[in-house]
Amino acid sequence: MIAADLSMTQDSRPVLGQAALSLQGLSRSFGSLQALSSVSLDIEEGEFFTIVGPSGSGKTTLLRILAGLDQPTEGQLLLRGRDITRLAPNKRPTAMVFQSLALFDHRTVGENVGFALKMRGIAKAKRDARARELLELVRLGAEYFDKPVTQCSGGERQRVALARVLASEPEILFFDEPLSALDYRLRKTLEVELRALQKRTGRTFVYITHSLEEAMVMSDRIGIMRDGQLVQVGSPAEIYGRPDSRFVASFMGEVNILKVAEGRLPELDLPLPGTPDGYVVLRPEALRLEEGTETGAPGFAARVAEVFRLGSRVQLHLESPAGLMIAELPAETQIRPGATARVSFAPEAAHWVAE
Ligand code: ATP
């Protein structure tokens, strides 16, 4: 019922094959600093799109332009084919959910959620009813309605803020690291809830974060930013399994990166026939270990420097001819620090990247 209520209105019905947002060569410079360099991308209707990148890579600059809080020095932004590059934020069917959780502290949860409706002149009974529906949508029960927001926990405030943004019925929601201030467990819970909320409402969510782990849980697609450029766009599985540079691969967590030259891995003195010069990325779980260093077995010799038990798996730090390497093995693996091992991997597990 609530989901139906939030569905697209007749006027803004999505046009088949037309992106919700089309970013066309967006650039932004601040004096001599190029914060954003020709970012082009189509974000589809009903998609959960996450922009990930290190600090200073241009995420906030991009999101502010998408939300209309800033303007690009070059390029265009289309909303379902319509140029909105210079349209004021309040004229757009979009809304931003800020990290700072700008709630009215002296008001109740219900008043906070109903604020946008009040601004639109909707009568109290109707807006209270709607606020209760929205609270239910973000999984806050009826008992929260009359609570002052000052008595809410961080996670509850986050949900109130979301319900308040949803009250204005935006078609596209922008999130600027909304969970970064919360503790780990709460963040994990809210990640799952946010994804579920996005599915229930069918809205387009554009989210920025430092945390690739967070992006992996929630997103349909992820865009990786580096130095103001969008360097790779893909599904979480594509980004994880087929990163197209060392930068993206290392951003995806702990990986082993080895140089390839003339069909060999020179550091490990191993052949890798047919592989062009560049690098290969090996996930920790791709490495196989056999204790002892029998000569003749394929692979390379390494010494187990550290053993970390991580619940369902064991992580090993290996001293190898290529320096520190990381392996992940099943939890039942019995191996001790100081052991020597023969390490191997299936050639197809080595993912090649040019740079
Ligand atoms: P973080 O994760 O730390 O928030 P970010 O990826 O969001 O970083 P941006 O805030 O977009 O990065 O900043 C990109 C670059 O643009 C940085 O070098 C930043 O210093 C610069 N920058 C951003 N806003 C301005 C501004 N108003 N004036 C001058 N430089 C700016």
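The values are calculated or read from the model by the stated rules, or taken from the named source; none is laboratory data. Source: prediction; values computed, not measured. Glycine also receives a Cβ, built like all others from the backbone with ideal geometry; neighbour counts cover every protein chain displayed.
Miscellaneous remarks
- Residues satisfying the stated conditions in segment 212-237, i.e. aliphatic (A, V, I, L, M), within 16 Å of the ligand (Cβ to nearest atom) and not in a strand (DSSP E or B): L212, A215
- Whichever residue in segment 308-354 is crowded, with 18+ Cβ neighbours inside 10 Å and touching a His at 6+ places or on another chain (Cβ under 9 Å) and, among such residues, is nearest to E262 (Cα to Cα): M325
- Only listed residue being under 21 Å from T60 (Cβ atoms), outside the structural domain of L282 (by TED's automatic domain parsing) and either surrounded by 21 or more Cβ atoms within 10 Å (Cβ to Cβ) or of a type outside the set (D, E) (or both), chosen from R226, R200: R226
- Taking segment 157-211 as the range and being among the β-branched types (V, I, T) and away from the ligand (no atom under 16 Å from the Cβ) as the test, the residues that pass are V160, V165, I172, T189, V192, T201, T204.
- Criterion (of a type outside the set (D, E), closer than 22 Å to E213 by Cβ and part of a strand (DSSP E or B)) met by exactly one of L316, L258, L289: L316
- Among the residues listed as A305, A301, the single one being crowded, with 18+ Cβ neighbours inside 10 Å and outside any loop (DSSP other than H, G, I, E, B): A301
- For segment 82-100, the set of residues classified as within 14 Å of the ligand (Cβ to nearest atom) and small (G, A, S) consists of S100 only.
- Screening segment 16-30 for residues that are among the aliphatic types (A, V, I, L, M) and touching a residue at least 12 places away in the same chain (Cβ under 8 Å) and picking the one that is nearest to the ligand (Cβ to nearest atom) gives L26.
- Residue that is surrounded by the most Cβ atoms within 10 Å (Cβ to Cβ) [pool: residues in segment 37-66 that are part of a helix (DSSP H, G or I) and in contact with an Asp or Glu (Cβ under 9 Å, 6 or more places away or on another chain)]: K59
- Checklist (1) within 17 Å of the chain's Cα centre (by Cα); (2) at negative phi applied to E177, failing item: (2)
- Residues that are within 12 Å of the ligand (Cβ to nearest atom) and acidic (D, E), drawn from segment 31-81: D70
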